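*Asks:* Dropping the structure in here first, questions after.
Read the figures in this text as sums done on the coordinates, not as results from a lab. What you see is a predicted model; the values in this text were computed from it and never measured. Counting neighbours? That spans all protein chains shown, and the Cβs are built from the backbone with ideal geometry, glycine included.
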C-alpha cells in the first residue's frame, strides 16, 4: 500500500509540474491570464500554442482522476476503510479528518475535468474560460497534494 501511495504521489506531482510548465509556455508565447477567446484562437494557430493548451487539458484530467486514487490510498494508510466507498464518501471522510477538500470543491474539479474533455476547438470562449478556471485551481491542488503527503508520511 505504501508503494502505491508513493507511486500515486509521484504521478500527481508530475502532472502538477507539467501543468505549471504549460502555463509558463503560454507566458513565453506572450499570453497572460486570464485568456480570452481571441487568445485561444491565436494559440490554436501555432504548434506551440496548441501543444500548451492540449497539455493543460490532458494533465488536468489526469491529475484530477489520479487525485481520487491518492486520497483513497492515503485514507487507507491512515486506517480508514474506504476501498469500496464511492468517491463522494471518500472526500467526505477526508474532510472529516481535516484534509482541505470538500464535496463541493471535488465536484467543481470534476466538472472542470468533464467540461475540458468535451470542448471543441471552435468553442474558443469556452476553452478560455476552462483554461482560466484550471489555473485558478492550481494553488489549491498543490496545497491539497502537499497536505495528503504530509498527513500520510
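*Asks:* Among the residues of segment 118-130, which ones are in contact with a helix residue (DSSP H, G or I) (Cβ under 6 Å, 6 or more places away or on another chain) and either over 21 Å from residue 24 (Cα atoms) or surrounded by 19 or more Cβ atoms within 10 Å (Cβ to Cβ) (or both)?
*Replies:* Within segment 118-130, 119, 124, 127, 128, 130 meet the criteria.
To keep it simple, each residue is scored yes or no on (1) under 14 Å from the mean Cα position of the chain (by Cα); (2) within 17 Å of residue 147 (Cβ to Cβ).
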| site | (1), (2) |
| --- | --- |
| 6 | no, yes |
| 33 | no, no |
| 37 | no, no |
| 41 | no, no |
| 72 | no, yes |
| 77 | no, yes |
| 98 | no, yes |
| 107 | yes, no |
| 112 | yes, no |
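*Asks:* Right, residue 61: assigned to a helix (DSSP H, G or I), touching a helix residue (DSSP H, G or I) at 6+ places or on another chain (Cβ under 8 Å) and crowded, with 17+ Cβ neighbours inside 10 Å or not?
*Replies:* For residue 61, the condition - assigned to a helix (DSSP H, G or I), touching a helix residue (DSSP H, G or I) at 6+ places or on another chain (Cβ under 8 Å) and crowded, with 17+ Cβ neighbours inside 10 Å - is met.
*Asks:* Quick one: residue 139 ticks every box in (1) over 16 Å from the mean Cα position of the chain (by Cα); (2) surrounded by fewer than 12 Cβ atoms within 10 Å (Cβ to Cβ); (3) under 21 Å from residue 14 (Cβ atoms) except a single one, so which number is it?
*Replies:* Unmet condition: (1).
*Asks:* Another one. In the set 49, 30, which member is over 24 Å from residue 105 (Cα atoms) and surrounded by fewer than 13 Cβ atoms within 10 Å (Cβ to Cβ)?
*Replies:* 30
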